[in-house]
1. Quick one: what are the phi-derived ³J(HN,Hα) couplings along region 146-159, Karplus 6.51/-1.76/1.60 with θ = phi - 60°, whole Hz, x for glycine and proline?
2. How large is ³J(HN,Hα) for each residue in region 53-63, as worked out from phi by the Karplus curve 6.51 cos²θ - 1.76 cosθ + 1.60 (θ = phi - 60°), to whole Hz, x for Gly and Pro?
3. Among 163-171, 93-101, how do they line up from the highest to the lowest mean number of other beta-carbon atoms within 10 Å?
4. Sorted by accessible area with a 1.4 angstrom probe, largest first, how do Met73, Met202, Met182 fall?
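The values are calculated or read from the model by the stated rules, or taken from the named source; none is laboratory data. In this text, all values refer to a predicted model and were calculated from it rather than measured experimentally. Note: ideal-geometry Cβ built from the backbone for every residue, glycine included; neighbour counts use all protein chains shown. Just the protein is used for accessible areas: all its heavy atoms, side chains included, with ligands, DNA and RNA removed. Shrake-Rupley method; radii C 1.70, N 1.55, O 1.52, S 1.80 Å.
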Amino acid sequence: MSTESTTDANGTSPSAGTPGASGASGQSSQSGPSNRPPAPGSWRDRLRGRSELGVSVLLLVVGVLVLSDTLTMETVANQRGPVGPKTVPVVVGVALLVVAVALAVDVLRGGRGEGDAGQEAGAEPADWRTVALLAGIFLASAVLIDPLGFPITGALLFWGSAYALGSRNLSRDPLIAAVLSMATFAAFNTLLGVPLPGGPLMGVL
């Protein structure tokens with residue numbers, strides 16, 4: 001009689017189906033590594049999708065160059081009026097620095113630009129090649145503006161920027177770049193009174 005009480009009709013022990021035993025077995029089967037935060041990846045993983053930081057660095061460098069050149073600019077001592085040759089470059093340089101810092105803070109806090117309709121922002125990989133080309137073109141222009149002058153350097157700047165952004169029209173782009181460079185040179189020298197280096201073309205212009 002005692003043997004029949006410890007086994008059921010199918011010959012199995014009641015303790016095999018008790019909740020305590022099943023809970024213990026389930027707990028042991030689900031035991032695994034603890035939920036720890038993933039280790040930080042490499043610097044490439046951290047910068048992936050944040051190509052705007054390159055633009056921020058570029059704006060910062062250009063702003064510093066503009067302010068440094070403006071503060072060392074020679075002006076006429078007897079000039080009158082609240083607006084002088086240094087006013088516009090100082091405003092532009094400060095604005096570049098403010099925009100560079102604001103952009104970097106926004107990107108580091110997870111901000112992203114809005115994509116086109118039906119396209120998720122940041123879905124495509126960051127185009128660091130374009131950012132590097134633009135940065136190199138701006139730095140080369142800052143170095144070459146004194147020996148070559150603004151007309152030639154400006155034309156190279158506009159043409160190189162168009163090339164870095166994907167334009168490959170060799171018959172149209174250099175012409176447009178030269179026109180923009182000459183127009184900018186004339187506007188600064190004539191309208192704003194800000195002398196720009198003319199380089200080898202100073203005698204011609």
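1. 6, x, 9, x, 6, x, 6, 5, x, 5, 5, 5, 5, 5
2. Going residue by residue, I get 5, x, 5, 4, 5, 4, 5, 5, 5, 5, x Hz, with x marking Gly and Pro.
3. Details: 163-171: 10.9, 93-101: 16.2.
Descending packing order for the listed peptides: 93-101, 163-171.
4. On the way: Met73 40, Met202 100, Met182 75 Å².
My answer, sorted largest first, is Met202, Met182, Met73.
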